[in-house]
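The values are calculated or read from the model by the stated rules, or taken from the named source; none is laboratory data. Predicted model, so just to flag it, every value in this text is computed and none were measured. All Cβ positions, even for glycine, are placed from backbone atoms using ideal geometry, and neighbour counts span all protein chains on display. Side chains are part of the model used for accessible areas, which takes the heavy atoms of the whole protein and leaves out ligands, DNA and RNA. Shrake-Rupley method; radii C 1.70, N 1.55, O 1.52, S 1.80 Å.
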Amino acid sequence: MNFQELIMRLETFWTGRGCLLQQPYDVEVGAGTMNPATTLRVIGPEPWKVAYVEPSRRPTDGRYGENPNRLQHYYQYQVILKPAPDDIQDQYLDSLRALGIDPADHDIRFVEDDWENPTTGAWGLGWEVWLDGMEITQFTYFQQMGGVDMELVPGELTYGIERIAMYVQKVNNVYDLEWVGKIKYGDVHHRSEVEGSTYNFELADVDMLFKLFGMYEAESSRVLERGMVLPAYDYVLKCSHAFNTLDARSAISVTERTGYIGRVRALASACCRAYLKQRGDMGFPLAGKFDRDAQEERSDGSEKDMEFGGDAR
Amino acid sequence: MILRDLLFEIGTEEIPARFMTWAIAELERAAAEDLAGLRLSYESLKVTGTPRRIVLYVENVSERQEDFEQTVKGPPKTQALDADGNYTKSALGFAKSRGVQTQDLRFETVGGVEYLFAVVRESGKDAAELLPAFLGGLLKKLVFPKSMYWKDPSVRFARPVRWIVALWDGDLIPVSFGGVNSGYTSRGHRFMGSQSVNIPIAKDYWEIMERESVIVDHERRKEMIVDGIEKIEGEIGGRAERDSELLEENAQLVEYPIPFPGSFEGEFLDIPEEVLIATMKKNQRYFPVRDSSGRLMANFIGVSNNRARDMAVVRDGNERVLRARLHDAAFFWKEDLQKPLESLLPRLEKLLYQERLGSVLAKSERVRSLASRLVSEMGWDDIAEAVDRAAYLSKADLVTSMVFEFPEVQGVMGREYAKRGNESLAVANAIFEQYLPRFAGDELPKALEGAVIGLCDRADTIAAIHKAGLSPSGSQDPYGLRRAARCVNEIIWGMDLDIDMGALLGESGEALEAGGDVMAKVFDFYKNRLHNQLRERGYEYGTTSLAVASMWRRPLQAQRMLEAFDEVSGAEWFGSLVLSAVRVNNILGKLTDAEIASVKLTEDKLKVTAEKNLKEALDRQGSVVSDALARYDWKAVSKALSDLSPAISSFFDDVMVMSDDPAERSCRLALLLKCRDMFDSIGDFSLLK
C-alpha cells in the first residue's frame, strides 16, 4: 500500500463512521491537535466528529534529511470522536484492519501514555498504541483544553502515518517510502527537510522572530477583545510556531522558556474560554446534529468495514 | 450455614501497568475491611487482574450476616429507677433511643457505680441485600494515581469501565458505575477470545476465562513469562536477568503472555551496554540476554499479548523497532564522541537546573568549589586533582545527544566519553560514581573521588532547593531531597567517611547566599532525615535522638555512638545512669545562676563514702571521657560511664544533696555540676527518658 493510498483508506474508513472530512489547517501547527478543528471544537457540549491529515512542523526535530526516522515536517492523521463512543477502541482496531493490519497477525497493545501540551493548557489520558513494539498511534481521552474541562469527553486518535506506512511497506528509511508509483517520500520531501533544517537551525532571523512573537501575541489579544475568537486563535498558532523556531535556533534560554510557554498558554486559554462563550451565545448550533448522523452512519458504515477488511486481506 | 462464592469483575479499557500492583493490593485491603465491617465471613479472598479487568473473588461467603449484639451504656441506676423501683422517663427514653424493649435493659457496675445498659440485638441480614452497596462502594474507593472521567465528571477511574460482572453464585448482584450495569457478560482476550462471554455462575469464571485465553491471575502470568524465558534461554544459550520490575510490568501489559526471542546486529554491541539495556528495557520492555561470561548478547526476549498466526511477524516487527532505535543510539554515540566533554560545558549554561536557581553550569561550579574545600579539609591531597577535574566535567554529559535521548544513562555516558577523551580512569569513574547509589540497594561509589562529588552535589541540592522555598512537605518531595539525604548517609556509613556534614551543608548555604532562616530549615531537615534513617536501622527512639542531637554534624559518629549506646542500653547501669542524669538536671535546674556560681568543692568536706567515691570516679573518668570523646571512641566513653554509673547511683542513695549545712551542700552540688558537665559533653541524656 503506498503512502497516499494509506491516507485515502483512513479517509474512507472514518467518513464511513460518520466523520466530517476536513483538510489541513492553513497555519503552521506542531500537531493535528492544534488545528482549531480539534482545539476549539472539542470544547463545550456540541458533538463533533472529524478526520483530517495534518502536516505538522517540529523545527527541533529536523535532521537535515539524514536521519531515517526524524523529520521537521511530517504528517499526522487526526480523528476526533466527540463524545468518545463506548466502542472507540474497537472502531480504532477496525481502522487498522482497513489498512490491512489484522490484529490476529500482530501484537497490538494499548500502552499507557498520558498526553499534555503545556502551550495550549491541554491534557488527557490514554495510550500509545503499539504494533509489534512500534508506536503507531496516540490515543487520548481529552480532559482539558485551554484549561477548560471537557463537557463531552472526546477521543482523539493521532496516527503516525509515515511510521505505519514504513511498517506496511517494510522500509527502514522514511525517504524510501513509496508515495505513489516511482515517486518516493524523499522525492517529495527530502529537499524540504534539508532546507527546513538549515533554516530552522542556522538561518532563521532570531530578532525578527522575537519581534513577530510579540506582534502576534499583541494581535491575538487585540482581536480577541473584539470577540474575534478564530483570528485570535490563528495568531496563537503563529506565536507557537515562532516560539518553536526560536527554540530550534537555541535562542530561548531555559530560564525564559517557561515564560514564553506560559504566554502562549495564556493566549490559547483565553481563546478556548471565549470560544465556549461564543458557541453558547450562538445557542450551540451543532447540538443534536452529529448524534443523529452518527447513528445512521454507524448502521451502514459497519457493513462497509467488513467489505474493507475483506479487501485488505 | 449456606455458603456462596462472590465474583466481581470490573471490565475496563487498558489500565496502565504501573497502577495495577497497587490497585490490586488496595482493593484487597478495602474488600477485606468492608466484609469484616459487614460481618460476612468467608473462606478466602483474592484480588487479581489484567490490563482489562480487576477481579475480586471471595470464596465460601456466608449467605447471612452474623447476628449482632451490643450493650450500650445509659444513665446511672440512681437516675434510671424512681423511688418505687420503676423505670424513669430518662430510662425509657434511653431504651427507645436504642430501639429496645424494657426486657432488654439491665444494670451493670462500672467503676463502682451501677449503670443502666441496653442490650441491642440485630439479626443478620441476607448477604444479597448488602452486596450491591458493598461492591458499589469498592468501585468508588479505588483511587488511582491518575484518574479520568469519560462521561460523568463525577465518575472517575484509571480508564473507562466498560463492563461489570457481579455474581453471587449464579445470582446477579446489581451494581452500576458510570452508566455501566452489572451483568453476566464478560469479554475474552481482545484478539484470542470472544468479544462477549457468558459467566453463568461465579465458580466457573476462572475456567471460562482460561478458555477465552485470559490468564486472570497476574502471578500466574509472571510464572508463564519466566517459564517462557527459560525455554528461550535454552534455545539461544544465554541468560536473561529476572528483573522483577520488568517482569511485573510485562505481566501487567498482557492478558496472555507469549514470550518470544529476538535479535539484533552484533555491531550494536559496541555501544555502551547501559544504553542497549535502557533501550531494550525502558523503551521496549524487552529482557536483555547475557552469555555465560556475563557479556551482553545480541538477543532479547519480548513478551507478546497475542499468539499471532505467524509469530515471526511479531518478532520481525519488534526487531525492526529495536534496530531503528539502536541505529539512533549508534548515531548519537558516534556524534557525541566527536565533541570532547570539556567543549560541552558552555552549553550547561543553557540547561536549567531550577527556575529560581539558575543553570546546571552554576550548580556544577558550586559543587566543584565545595568539593575542593572538602578535599582539603579532609586532607585528601592525593585525590585533589582528580576530584577537581571530575567535578569540572561532572555534568557535561547532560547535554550529549545520548543523555538527551536516554536520561537514565547520565553519568554512564560521562564516564564512557571521558575514557575515550583521554581523561584518567579516576576522573571517568568519578563522573559515573557521583550518582551512586541510584536506588535503594544500589552499589556505593568504589572510589573516594565519586563519593566526594556525590556528597557535595547532594549537599548543594538540599541547600539550594530549600533556598528556593521548595522544601519537601508531606508526600511531596519533587526534587528528591529525602533521597539525597539518604544517599549522603549511606555513602558516609558505607564508606566510613568521617565528614562534617554540618560544615558541608553550611558551606553549600554560603555559596548560595542562603539566609540564616533557610539554613536553620536545612539543618532541621537533615537532622530529621538522619533520625529517620537511623530509626529504620532498628535503633530505639531515645538513643537515636541522643545521638542525632549530639553528633548530627558527623553522621558517621552519630551512627557509631548509637551503636555503642545501643549495645549497653539494656544494661541496668545504663538505666540508672539515665535516671541519675535526669536527677542531676532536675536538682541543678532549680538553682539560680548565682547559686551555681557560688558552688564550691572543698575536698576535706567530703565525709560520706558515697561522696568520696563519686569524687574519685569523676577524677578517674573525667579525662578518660574527654579523651575518648576527642577520639570519638564511643566504646571507651561507654565503659567510663559504666564505671561512673554505680558511683552516682550510690551517691543519690546515700547522700542528701540539699543538706542544711551550706558547705556540705555546696560540695555536693559541685559534684553534681561536674557530673552535668560530663553528661553534657556527651549528650542530652534527658532524651532517653
Checklist entry - Can you name the condition, by its number, that residue B:195 falls short on among (1) open to solvent by 60 Å² or more (accessible area, probe 1.4 Å); (2) touching a strand residue (DSSP E or B) at 6+ places or on another chain (Cβ under 7 Å); (3) within 14 Å of chain A (Cβ to nearest Cβ)? => result (2)
Item to check | Residue in region A:207-225 that is modelled with pLDDT of 95 or more and either in contact with a Pro (Cβ under 6 Å, 6 or more places away or on another chain) or β-branched (Val, Ile, Thr) (or both) present | outcome: yes
Checklist outcome for this item: By my count, helices (runs of 4 or more DSSP H) wholly in region B:575-689 with at least 2 residues that are under 30 Å from residue B:541 (Cα atoms) and touching a Leu at 6+ places or on another chain (Cβ under 7 Å) are B:609-630, B:634-654, B:662-682
Item to check | Residues located in region B:1-42, provided they are open to solvent by 40 Å² or more (accessible area, probe 1.4 Å) and outside any loop (DSSP other than H, G, I, E, B) | outcome: B:3, B:4, B:18, B:21, B:22, B:25, B:26, B:28, B:29, B:33, B:36, B:37
Checklist entry - Based on what the data block shows, is residue B:625 closer than 23 Å to residue B:550 by Cα, of a type in the set (Val, Ile, Thr) and crowded, with 17+ Cβ neighbours inside 10 Å? => result yes
Checklist entry - Hey, does region B:245-254 have a residue that's open to solvent by less than 20 Å² (accessible area, probe 1.4 Å), among the acidic types (Asp, Glu) and under 38 Å from the mean Cα position of the chain (by Cα)? => result no
Next on the checklist: Against the conditions (1) closer than 19 Å to residue B:586 by Cβ; (2) open to solvent by less than 20 Å² (accessible area, probe 1.4 Å), where does residue B:658 fall short? Just the number, please.
Outcome noted: (2)
Checklist entry - What residue, of B:143, B:120, is surrounded by fewer than 18 Cβ atoms within 10 Å (Cβ to Cβ), of a type in the set (Val, Ile, Thr), under 30 Å from residue B:178 (Cβ atoms) and within 45 Å of the chain's Cα centre (by Cα)? => result B:143
Checklist entry - In region B:627-645, which residues are farther than 21 Å from residue B:575 by Cβ, among the aliphatic types (A, V, I, L, M) and in contact (Cβ under 8 Å) with a residue 12 or more places away in the chain? => result B:628, B:629
Next on the checklist: Residues that are surrounded by 22 or more Cβ atoms within 10 Å (Cβ to Cβ), out of contact with any helix residue (DSSP H, G or I) (no Cβ under 9 Å at 6 or more places or on another chain) and more than 12 Å from chain B (Cβ to nearest Cβ), at least 2 per element: which strands (runs of 3 or more DSSP E) completely within region A:23-138 meet that?
Outcome noted: none
Item to check | Hits in region A:186-202 (condition: farther than 12 Å from residue A:59 by Cβ and surrounded by fewer than 18 Cβ atoms within 10 Å (Cβ to Cβ)) | outcome: A:186, A:187, A:188, A:190, A:191, A:192, A:194, A:195
Checklist outcome for this item: Only one of B:79, B:101, B:65, B:70 is touching a residue at least 60 places away in the same chain (Cβ under 8 Å), open to solvent by 10 Å² or more (accessible area, probe 1.4 Å) and away from chain A (no Cβ under 14 Å), namely B:65
Checklist entry - Does any residue of region B:204-211 turn out to be open to solvent by 50 Å² or more (accessible area, probe 1.4 Å) and under 30 Å from residue B:401 (Cβ atoms)? => result no
